[in-house]
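The values are calculated or read from the model by the stated rules, or taken from the named source; none is laboratory data. None of the values given here were measured: they were computed from a predicted structure. Ideal geometry is used to build each Cβ from the backbone, glycine not excepted, and the neighbour counts take in all protein chains shown.
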Amino acid sequence: MKNKNFLQSLKCSFNGIVAYFKSERNAKIEFVFAILAFALGIIFKLSKTEFAVLSITIFFVIVAEMINTGLEKTLDLIDKDFNKDIKFIKDLSAGFVLLSAINSIIIFYLLFIDKILR
Ligand SMILES: Nc1ncnc2c1ncn2[C@@H]1O[C@H](COP(=O)(O)OP(=O)(O)OP(=O)(O)O)[C@@H](O)[C@H]1O
């Protein structure tokens with residue numbers, strides 16, 4: 001089952017990203033928001049540094065949600081019945097997704113508010 005070389009690893013990673021965006025409802029919403037945010041960045045002519053901040057923020061939200069999805073699926077394999085430890089880990093995982101979303105709102109505000117109101 002192990003990947004034989006770098007190309008095979010890359011293909012599996014790419015398949016994982018595609019499967020995530022195809023199967024998860026939140027992923028589709030994030031994808032649309034990411035495209036909109038990058039489009040706004042181009043429209044409002046963000047500087048290179050501002051674009052870097054925007055990019056890190058967007059990727060951070062998506063990566064957090066991917067880790068959350070992976071954790072949820074793993075935990076569901078372990079125990080589908082009520083389990084207080086699983087509840088703790090799932091709530092924690094949902095918590096870091098929420099933090100990444102709050103961070104993205106702050107960054108979005110800081111990057112765009114002056115440009116939108118100008
Ligand atoms: N096996 C379990 N034992 C105890 N609580 C659970 C269990 N599975 C889920 N929960 C509770 O239900 C919540 C939602 O879990 P679920 O796996 O359905 O995530 P979800 O609704 O897909 O979340 P997201 O919106 O992040 O995709 C968890 O945060 C947790 O509080």
Q: Determine, yes or no, whether ALA27 is under 18 Å from GLY70 (Cβ atoms), in contact with a Phe, Trp or Tyr (Cβ under 8 Å, 6 or more places away or on another chain), in a helix (DSSP H, G or I) and among the small types (Gly, Ala, Ser).
A: yes
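Residue-wise test of (1) farther than 25 Å from GLY16 by Cβ; (2) under 16 Å from the mean Cα position of the chain (by Cα); (3) at pLDDT below 95.
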site	(1), (2), (3)
GLY41	yes, no, no
THR49	yes, no, no
ILE58	no, yes, no
ASN68	no, yes, no
LYS80	no, no, yes
ASN83	yes, no, no
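Which ones in the range 57-66 are surrounded by 13 or more Cβ atoms within 10 Å (Cβ to Cβ) and either out of contact with any Ser or Thr (no Cβ under 9 Å at 6 or more places or on another chain) or of a type outside the set (Asp, Glu) (or both)? Reasoning before the result, please.
Initially, the range 57-66 is screened for residues surrounded by 13 or more Cβ atoms within 10 Å (Cβ to Cβ), giving 57-58, 60-62, 64-66.
Correct list: THR57, ILE58, PHE60, VAL61, ILE62, ALA64, MET66.
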Q: Kindly provide the set of residues from the range 73-88 that are surrounded by 10 or more Cβ atoms within 10 Å (Cβ to Cβ) and near the ligand (Cβ under 7 Å from one of its atoms), ordered by number.
A: LEU75, ASP76, ASP79, ASN83, ILE86, LYS87
Q) In the range 89-118, what count of residues is obtained for those that are surrounded by fewer than 10 Cβ atoms within 10 Å (Cβ to Cβ) and among the small types (Gly, Ala, Ser)? A) 0
Q.
For the list (1) part of a helix (DSSP H, G or I); (2) surrounded by fewer than 11 Cβ atoms within 10 Å (Cβ to Cβ); (3) not charged (D, E, K, R), I need the number of the one condition that LEU54 fails.
A. (2)
